[in-house]
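Shown next, in structure tokens, is the structure this report addresses.
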Amino acid sequence: MPELPEVETIVRDLQKNIQGDVIVDFWSDWKKSLKNISFSKFKKEIQGIKILEIKRIGKNIFLNLSNKKTIYIHLKMTGHLLIKTKKKKNKYFEEKVNQYIHHIWFLCSVNCQQKKRQRKIKKNDYDKTLAFSDLRKFAKIKLIDTSKIENLSEIKNLGTDVNSKEFTLKNFLKLLERKPQSLIGNILMNQKVMAGIGNIYRSEILFDAKISPFRKVKDLSAKEKKNIYKSIKKIIQKAIQKRGTSDSDYRDTQGRKGNFHNYLRVYHKEGEKCWRCPGRIVRDKIGQRSVFWCKECQK
Ligand SMILES: [Zn+2]
């Protein structure tokens, strides 16, 4: 499942490439993904409307429109968004993983809008598409009022975004205080406490901080907590810089894999020699999810 760095990569691509575009049409062959609105109503509401800005909260994507509505997208397990231009060829789009297209937004870029300014923009006036590839078809799309983003059930109970300004050391320590009995490996992935860390980065962060995922929050020293905080910042920022990790289906908006797999130290490396010490990486479970770590150097 895409975690914060992967969703952030997609959002930055969208900000760069489709902000200011006008939606001229919408197509879908899996209308069940539209959770709070019918296909025909959704299409009618967004046609001819400009995309003003794109935002991310946790793993949630928001396309704010000029009619005070917002398209809400959650990629879930295998969803990813591809920006295609009519003219440019792109070999990555031909890969199987990028071919499970179930929704398409047809877009008229700022350039295209200028060309058509003499008359009303029509359905066929698109020069770009935003295509939604989703093998498992678990992704969610909603249309909501922009003013009500905070009221969305997916957002209301979300903890502090670990890549936001609010995520300071002071705040992190406060968040930990809420769950003293929790295992550190658990609380990092608890989206109600802090948002954005999933399976991949939980293991990488704790390896970087040299902390066992099975330590209880209340037993961590002040120094250890500070180290974990530093590792969260470091790993998340590095992963964003490397455009995420393509563990399975995640691809960026050009259909390319993220580069962070070159920097993974423990995730999916069970049995391999530790990067830092003579130990070997093991795979354990916390709850239902695997955690990868080195028993020798993570204490
Ligand atoms: Zn080790």
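The values are calculated or read from the model by the stated rules, or taken from the named source; none is laboratory data. Keep in mind the model is a prediction, meaning the values are calculated, not measured. Positions of Cβ are backbone-derived with ideal geometry, glycine not excepted, and every protein chain shown enters the neighbour counts.
Results, tabulated for the structure shown:
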quantity: Flag if Ser203 is outside the structural domain of Leu82 (by TED's automatic domain parsing), within 14 Å of the ligand (Cβ to nearest atom), touching a residue at least 40 places away in the same chain (Cβ under 8 Å) and assigned to a loop (DSSP other than H, G, I, E, B); calculated: no
quantity: Qualifying position, being free of Cβ contacts under 8 Å to residues at least 24 places away in the same chain, among the basic types (Lys, Arg) and within 30 Å of Asn90 (Cβ to Cβ), among Lys257, Lys285, Lys223; calculated: Lys257
quantity: Tabulated pairs, segment 34-62, first modelled with pLDDT under 95, second of a type in the set (Gly, Ala, Ser), C-beta under 7 angstrom, 6+ apart or interchain; calculated: Gly58/Ala195; Gly58/Gly196; Lys59/Gly196
quantity: Asn163, sole failed condition from (1) in contact (Cβ under 8 Å) with a residue 60 or more places away in the chain; (2) in contact with a Pro (Cβ under 9 Å, 6 or more places away or on another chain); (3) more than 16 Å from Asn60 (Cβ to Cβ); calculated: (3)
quantity: Identity of the residue in segment 113-126, free of Cβ contacts under 8 Å to residues at least 60 places away in the same chain and in contact with an Asp or Glu (Cβ under 9 Å, 6 or more places away or on another chain), that ends up farthest from Lys89 (Cα to Cα); calculated: Lys116
quantity: Test: Gly198 is more than 16 Å from the ligand (Cβ to nearest atom), within 18 Å of Arg56 (Cβ to Cβ), touching a Phe, Trp or Tyr at 6+ places or on another chain (Cβ under 9 Å) and of a type outside the set (A, V, I, L, M, F, W, C); calculated: no
quantity: Residue in segment 232-252 that is farther than 30 Å from Gln19 by Cα, out of contact with any strand residue (DSSP E or B) (no Cβ under 9 Å at 6 or more places or on another chain), at pLDDT 95 or above and not assigned by TED's automatic domain parsing to the domain that holds Val97 present; calculated: no
quantity: Strands (runs of 3 or more DSSP E) fully within segment 98-181 counting 2 or more residues that are loosely packed, with under 12 Cβ neighbours inside 10 Å and not polar (S, T, N, Q); calculated: none
quantity: Unmet criterion (only one of (1) away from the ligand (no atom under 14 Å from the Cβ); (2) crowded, with 20+ Cβ neighbours inside 10 Å) for Asp208; calculated: (1)
quantity: Unique match (being modelled with pLDDT under 95 and more than 30 Å from Phe93 (Cα to Cα)) among Glu166, Glu154, Glu177; calculated: Glu154
quantity: Qualifying residue in segment 163-172 (condition: within 22 Å of Gly244 (Cα to Cα) and under 16 Å from the mean Cα position of the chain (by Cα)); calculated: yes
quantity: Scope segment 268-298; condition near the ligand (Cβ under 10 Å from one of its atoms) and either assigned to a loop (DSSP other than H, G, I, E, B) or within 30 Å of Ile18 (Cβ to Cβ) (or both); matching residues; calculated: Cys274, Trp275, Arg276, Cys277, Pro278, Gly279, Lys295, Glu296, Cys297, Gln298
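Residues are listed down the side, and each one gets a yes or a no for (1) under 28 Å from Leu14 (Cα atoms); (2) touching a Lys or Arg at 6+ places or on another chain (Cβ under 8 Å); (3) in a strand (DSSP E or B); (4) within 16 Å of the ligand (Cβ to nearest atom):
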{"residue": "Pro213", "(1), (2), (3), (4)": "no, yes, no, yes"}
{"residue": "Lys225", "(1), (2), (3), (4)": "no, no, no, no"}
{"residue": "Ser231", "(1), (2), (3), (4)": "yes, no, no, yes"}
{"residue": "Gln237", "(1), (2), (3), (4)": "yes, no, no, no"}
{"residue": "Thr245", "(1), (2), (3), (4)": "yes, no, no, no"}
{"residue": "Ser248", "(1), (2), (3), (4)": "yes, no, no, no"}
{"residue": "Thr253", "(1), (2), (3), (4)": "yes, no, no, no"}
{"residue": "Gly258", "(1), (2), (3), (4)": "yes, yes, no, no"}
{"residue": "Val266", "(1), (2), (3), (4)": "no, no, no, yes"}
